[in-house]
Every structure is written in structure tokens, then in C-alpha cells.
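Please read the structure below before turning to the comments.
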Amino acid sequence: MILSEKSTQIQSMFDKISKRYDFLNRLLSAGQDTRWRNKMISSFPKIHTKKGVLYDIACGTGDVLLNAKSKRKDYATFVGFDISEGMLTQAKLRAQAKYSDVQFVQASAEKIPAANHSADCVTISFGLRNVDNREQALREFHRILKTGGTLFVLEFFQSENTLIAKLFDFYFKNILPKIGGFISDRAAYEYLPKSVSTMPKGDEFKKILSEIGFVEIEQTNWLAGATRLFKAVKKS
């Protein structure tokens, strides 16, 4: 796996924080990240054959896959991809007792080792902002989806509300790094607000999805757009 300089740095950062990642996510989002992921999982397209294929990109410690495995009986194949070996190690530890058939593969979002038109559903949660070449990654998601398959992107964006944006900016820059640094790696939690600021606006992101070949693009916003869930279908 050949990575760019930025991707190598991201890989190293997530390797460092992998053991504390889940705890910090719950703490720093007041449990909201779990609620948002569950909303996404409940929105997956129903697979009547009960042989659905789910790929989760930047899968981290396996939150989406393990929850989907327990809740979505219409899906039979669950595969997670992530560049961080540390994250995948934690995911495998979580899965081994009850969900040993869930697969985890080390790979970057820009080059996914999966066949064309092989997934009914592709997801990425709070990982797209860490990808070096986002448009290439989105094209990969389009490639591996079956015709009519669905992409879900759950991500932080800049809030449309000035007051909420300022509150988040203060929290991200002044509070989150201190908590993260006390429990885990401060540099990693100083990186977070910088990565959010690099994301396009919601309408711009919708346009990118459309240009790649996605249709029926919908978005659900929380916290005045600070968190967004995009749902998009691969054109028939």
C-alpha cells in the first residue's frame, strides 16, 4: 500500500490514538456520534435477498460494521477498510468474540481492493476529511457500488449558523485538544478543527457527488449543518 505524505501522517496519528479512540469519541460528542451512526444504519436500503454487501471505508474500530451486523439482517457480507493498522487491530479485537465473520482490510480510501459493482451499500463516517484526494476516493466508492447502490457520507462540515460555528470553533480549538491531550494524543485533537475547515460547503459537496455520477442526493443536517449525513445513489 503506497500512501501520500499526508496519508502516512494520518495513518501514524490514528495508530497512536487507536486504543483510546472509542472512549474519546463518546466523551467528546456526548454520545451523539453513536446516534448519528445509528440513524445512518437505519437508512440503509433494504436488501430483499438478505444477501446485502456492506463496505465501510475508514472503518476505524468497526462501529458501523458491528452495529450494522447486529441490526441489519438483510446484509450478509460486512467488510471494513482503513489505512491504520492500529485501528484495525482494535476492530478485530471487538469483533472476534461475536462477529468473527466481519472482515477488516488495510487499504486507503483512494484505492480500495474490491471488485467493480460489488457493494450494495458503501459508508464512510467522519473519515472523508482525512482523505488526501477526496474526489478520487468518491470515484472509488462509485466504482465499487452496484448500479443503484447507495453511498452514505457522515461527516463534520462548517456550520451554517454563525453563533454555532463560533461555539464549535471555540470548543474545537480550546477545549477538545486539552481533553484529548490529557487522555490521548494532543496533536491528534488539534488536527480535528483544521480538518473540518477543509471540507467544502454542503451545496459544493452535493455538486461533487453529482458530477461523479450520483443521483437522488439527500442530506440530513444536525447542529445547524455542523454534522451532515449525505445519501446518494449510483445512477442506473
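Summarising the strand pairing of region 5-234, around 45 percent of its internal DSSP beta bridges are antiparallel. The P(r) of region 137-235 has a tail past 18 Å containing 53 percent of all C-alpha pairs.
Between the beta carbons of HIS117 and GLU218, assuming R0 = 22 Å, the FRET efficiency works out to 0.50 to the nearest 0.05.
In region 1-76, inverting the average of 1/r over every pair of distinct C-alpha atoms gives 14.3 Å as the Kirkwood radius. Computed from the C-beta positions of ARG26 and SER100 and an R0 of 22 Å, the FRET efficiency is 0.35 to the nearest 0.05. Taking 0.36 nm per residue of sequence separation and removing the Cα-Cα distance, the ASP203/LYS73 pair yields an extension gain of 43.4 nm. Here the spin labels are modelled as points 7 Å beyond Cα on the Cα-Cβ line, and at ASN174 and LYS39 they lie 2.7 nm apart. Values of log10 I(q)/I(0) for the chain across q = 0.13 Å⁻¹ run -0.76, by the Debye formula with one identical scatterer at each alpha carbon and no solvent. Rg/Rh, computed from the Cα trace of region 44-107 with Rh as the Kirkwood radius, has the value 0.97. As a length-normalised measure over Cα pairs under 8 Å and 6 or more apart, the relative contact order of region 5-234 settles at 19 percent. Taking all Cα pairs closer than 8 Å and separated by 6 or more residues, the relative contact order of region 1-130 comes to 30 percent.
Structure note, pairs LYS92/LYS201; LYS69/LYS111; LYS39/LYS235: Cα-Cα distances above 28 angstrom occur for LYS92/LYS201.
Throughout, read-outs are computed from the coordinates displayed, never taken from laboratory work. Everything quoted here is computed from the prediction, not taken from an experiment. In this analysis, Cβ positions are derived from the backbone assuming ideal geometry, glycine residues included, and neighbour counts consider all displayed protein chains.
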